[in-house]
Amino acid sequence: MEQQEAEEDAAMDLYKLGIIKSYMNFRNDAHESSLLKEMKRLFDEDLLKDVTLCVGKLEFTCHKNVLASLSPYFRLMFTLDLAEKKQDRIEIFDVDATAMKDILEYAYTGKIKITIRNVQDLLSAASLFQILPVQRACAKFLENHLSVSNCIGIYHFAEIHNCVALKIKAREFIEKNFTDVVKSDEFYSLNLIKLSEFILSDELNVETEDTVLEALINWAEHEFASRKNDFCELLPLVRLPLIRSHIVRDKLGKHPLVLNCTKCKSYLQHLCDFEDNPATYEGDFDFSLNLRTGMYVPQSCLLIIGGVEQTGVRPCPNCYNPVAREAFYIDEFPESKKIGKYDCEDIACVVTEDNQIFAGGGNYIHHHLFDDSEDDSFEELEYKEYVVQKDFYQFDMDHNEWCARAPMLFPKSNFTLASLNGKIYCFGGLTENKHPTEIIEVYDIERNRWNYQGMLPTTLVDLSSIVYKEHIYLVGGRTGVGAHNSLIRYSPENEDWTSLAGMLTPRFNFGACVVGDEIYVAGGQIYSHNTYTINREVLRTVEIYNMDANQWRLGPELPMDLFNVSLAVIKGALYACGIPEFSDDGPSHWFNVICRLDPGKNEWEVIEDSLCNVRNFTCVVAKMHPRKFQKI
C-alpha cells in the first residue's frame, strides 16, 4: 500500500514539473468501420429497428438514425414536425423496390452494385433521397456507357434528375457523334425544342451541312402529319448557305414538306435572294455562314509539354502550327500549373494512333526566378532539388485540360513512351535518387491500368523511341557519363529484342521519327572527356537508318547545334524542335528553335526562333483544332 502511494506521489511530482501529462488522447481508427459493421448486424438480425418503409408490395424495417445519417430527405422527415416523425410505417412513392433494397444495403455497408439494369432506378432513388455519392456514381456509370443508341435517352434522363455533369457529357457525345446518332431510333423521339437546340449548335461534328438537313427531313418524315409544321419552324435553323445550291433546289425544293408549305417556299426564295447578293440582302431571315466543328480540318501542331520556363512568364506559347506559322496557348501541364513556384521537367509524352495525347513522370524543380515564400505547398523542396513523379495525364482537346489517369507503377524522368495497338509502353529513365531503371511498364488505355512488362536489355536514359510495323525501336540514350549508339527492336507480342546496326555517332537528348521506311535522328548531346572534366557537347548531325539494308548514313545537318530535340513529319516535311545552348561568361541561356527540312531541297531552314524560352521539355505532334485555343 505504501509503495502504491509512493508511486502516485512520484507521478504527481512529475506532473507538477511538466514532465508528464495528466491526460492521454486515444483514437481507435477502426471505430467507424466497426460501428458500421455492428449496425449492419443489427439490421440483419432484425434488432432495435424502429421504422418500416413500404415500397410497392415490399416492406423494409430499418433504423431511423441510419436513414437520417444517410439522407437529408430522411433527416428532415424524422427531425421536423412532420406526420412521418411519429409514424412507424412510412409509404415511399416513385421508388423501385429493388432500388430501395440496394440503397439500404449501401446505408449499412457503404457498398452498392451498379449495373445496366438497375442504374436508372438507383439514380432516381438517390436523387429523391439526395444521396450524392450514389447519384454521382450512377451518373459516372452512365457516362462510361454512353453509346450512339442510348445517348439521347441518357441526355433526357440526366435533365429530369438535374445531373448537370452527365447532361453535359451526353450532349457532347451527341454532338461529337451526330452523324451516327441521327440514324438511331432515339433520334426520332426528340421533340421540337430539343432538336432545335442541336441544330443550332456550332459543335456538331459534321463534315457538311447536308447531314443536318437530311437528319431534319428524316425526323419530319418519321411522323409526317404531326411534324410538318415543326419542320417549317426548324428549317431556318439549318445553315442552308453552306449547302450546294443544286441540292437545295432539287432535293429540298421539290420535297413534299416544302411544296405543301407556303412558309418554307417563301424561306427558300429569301435564300435565293441572299445568295444572289449577300451584301445587300435585307430580308426577314438571318442566314448563318458559321462553320460547325466538324467542318474545320484539324491541323497538325507541335505541342511543347512541360519543361522549365526561363523568363518566369506563364503561360508561354506551347502549341505551334508550323504550316500556318501560328502559335497558341493550350492548358499548361498540370504539375507546372498547380505549383507556380516549381516547374516539371524531363517528362515523357506520346500521341496514339487515334490522336490521344498522354504525358507523365518528370521532376519537380524549383523555379529560380521565384524567391522563397511561406506560402509554399512543397516546403521540403529546396533550390535545385528534384522530386521525381509518377503521375500520368491525358489531354482533353474538347475542354483544353489535362485529366489525371492511373499513375505509373514507378516514378521516373528522362524516359520515353511509345504507343502501339491501344497500349503505351514506358522505357528507361531515372527513378528516385536519380537511379537508372531498366523496368518496362505498359499502360492499357481502355482499362486505365499499368502493368509490369519486363526489363530492358541494358540501362538507358534520355533515349528516343519510334514505332514501325508492329515493332518499337529504341535508339541511343546514355548510361552514367557514356552515350549509346545502339538501335534495338522490341516486339511487344513476343517480348523479344533484336540488336540492329548502331548509329554512326552515339547521342542522347536527340530527336527520332519515321520518314517513309527510314528512321531519322537529329541533334542531341554527347559526352566529351579530357584530363580534368567531362562535358556535354551539342550535336547538329543527322543520321538516316535504312530498314531494309540495316545501315546508317549521314543526312543534311541541322542549321545549328541542337539538343532536347523532337522530330515530326507534317505534310511531307520534317520538323525539328530543339534548343541551341550558348553562354556569355555567365549562366547558360536557352531559346527554342523550330527548323524545317524540305525533302525536295534536302536542306534545313529555321522557321521560328522566338516561340518560348523553355528547356527540358518534350515535344510531340498532334492534330488539333486551333480555333478552340487562344491565339497569340
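The values are calculated or read from the model by the stated rules, or taken from the named source; none is laboratory data. Keep in mind the model is a prediction, meaning the values are calculated, not measured. With ideal geometry, Cβ positions are generated from the backbone for all residues, glycine too; neighbour counts draw on all protein chains shown.
Looking only at residues in segment 429-450 that are part of a strand (DSSP E or B) and in contact (Cβ under 8 Å) with a residue 40 or more places away in the chain, the one that is farthest from Asn616 (Cα to Cα) is Arg449.
Looking at Glu557 and the list (1) farther than 19 Å from Pro580 by Cβ; (2) in a loop (DSSP other than H, G, I, E, B); (3) at pLDDT 95 or above, which single condition is not satisfied? (1) is the only condition that Glu557 fails.
Between Val514, Val461, which is surrounded by 23 or more Cβ atoms within 10 Å (Cβ to Cβ) and touching a residue at least 40 places away in the same chain (Cβ under 8 Å)?
None of the others qualify; the one that does is Val461.
State whether one or more residues within segment 197-207 are loosely packed, with under 15 Cβ neighbours inside 10 Å and in a helix (DSSP H, G or I). Within segment 197-207, one or more residues are loosely packed, with under 15 Cβ neighbours inside 10 Å and in a helix (DSSP H, G or I). Would you please list the contacts, defined by Cβ atoms under 7 Å and residues six or more apart or on different chains, that run from a residue in segment 87-113 that is closer than 15 Å to Leu58 by Cα and not assigned by TED's automatic domain parsing to the domain that holds Cys54 to a residue that is among the aliphatic types (A, V, I, L, M) and modelled with pLDDT of 95 or more? Listed by first residue and then by second, the contacts come to nothing, as the list is empty. On the basis of being farther than 25 Å from His625 by Cα and at pLDDT 90 or above, does His255 make the cut? Yes: the conditions hold for His255.
Looking at Ser245, Ser196, Ser201, can you tell me which residue is closer than 19 Å to Asn290 by Cα and at pLDDT below 95? Going through Ser245, Ser196, Ser201 in turn, the sole match is Ser245. The combined condition, being in contact with a Leu (Cβ under 9 Å, 6 or more places away or on another chain), of a type in the set (S, T, N, Q) and either within 28 Å of Val119 (Cβ to Cβ) or not in a helix (DSSP H, G or I) (or both), is fulfilled by Thr98.
Rundown of residues vs (1) over 44 Å from the mean Cα position of the chain (by Cα); (2) buried (at least 16 other Cβ atoms within 10 Å of the Cβ); (3) basic (Lys, Arg), yes/no style:
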position	(1), (2), (3)
Arg239	no, yes, yes
Ile243	no, yes, no
His246	no, no, no
Lys263	yes, no, yes
Asn277	yes, no, no
Asn290	no, no, no
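Filtered by the rule that a residue be more than 25 Å from Asn602 (Cβ to Cβ) and assigned to a loop (DSSP other than H, G, I, E, B), segment 507-539 gives Asn530, Thr531, Tyr532, Thr533.
Flag: Ile466 matches the condition of being modelled with pLDDT of 95 or more and closer than 23 Å to Val593 by Cβ.
Suppose the filter is crowded, with 18+ Cβ neighbours inside 10 Å, under 28 Å from the mean Cα position of the chain (by Cα) and in a helix (DSSP H, G or I); does Glu143 pass it?
no
Count of segment 560-575 residues, restricted to those that are within 22 Å of Ser300 (Cβ to Cβ) and touching a Lys or Arg at 6+ places or on another chain (Cβ under 8 Å), is 5. Screening Ile116 with (1) part of a helix (DSSP H, G or I); (2) farther than 29 Å from Glu32 by Cα; (3) out of contact with any Lys or Arg (no Cβ under 9 Å at 6 or more places or on another chain) gives one miss only, at (1). Any residue that is among the aliphatic types (A, V, I, L, M) and assigned to a helix (DSSP H, G or I) - is there at least one of those in segment 301-314? No: segment 301-314 contains no residue that is among the aliphatic types (A, V, I, L, M) and assigned to a helix (DSSP H, G or I). Within the set Phe287, Phe231, the sole residue that is aromatic (Phe, Trp, Tyr) and within 30 Å of Gln630 (Cβ to Cβ) turns out to be Phe287.
Which count do you get for residues in segment 108-140 that are among the aromatic types (Phe, Trp, Tyr) and surrounded by fewer than 17 Cβ atoms within 10 Å (Cβ to Cβ)? Of the residues in segment 108-140, 0 are among the aromatic types (Phe, Trp, Tyr) and surrounded by fewer than 17 Cβ atoms within 10 Å (Cβ to Cβ).
For every residue, the table says whether it meets (1) touching a residue at least 40 places away in the same chain (Cβ under 8 Å); (2) surrounded by 15 or more Cβ atoms within 10 Å (Cβ to Cβ); (3) closer than 28 Å to Pro298 by Cβ; (4) not hydrophobic (A, V, I, L, M, F, W, C).
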{"position": "Lys167", "(1), (2), (3), (4)": "no, yes, yes, yes"}
{"position": "Phe173", "(1), (2), (3), (4)": "no, yes, yes, no"}
{"position": "Ser189", "(1), (2), (3), (4)": "no, no, no, yes"}
{"position": "Leu213", "(1), (2), (3), (4)": "no, yes, yes, no"}
{"position": "Phe231", "(1), (2), (3), (4)": "no, yes, no, no"}
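Looking at Leu67, Leu76, just one residue is crowded, with 16+ Cβ neighbours inside 10 Å and either in a helix (DSSP H, G or I) or touching a Pro at 6+ places or on another chain (Cβ under 9 Å) (or both), and that residue is Leu67. Only one of the listed residues (Gly555, Gly482) is touching a strand residue (DSSP E or B) at 6+ places or on another chain (Cβ under 8 Å) and within 29 Å of Gln453 (Cβ to Cβ). That residue is Gly482. When each of Arg117, Arg41 is tested for being among the charged types (D, E, K, R) and modelled with pLDDT of 95 or more, the lone residue that passes is Arg117. In a residue-by-residue description of segment 116-135, the property of being more than 27 Å from Lys167 (Cβ to Cβ) and among the small types (Gly, Ala, Ser) applies to no position.
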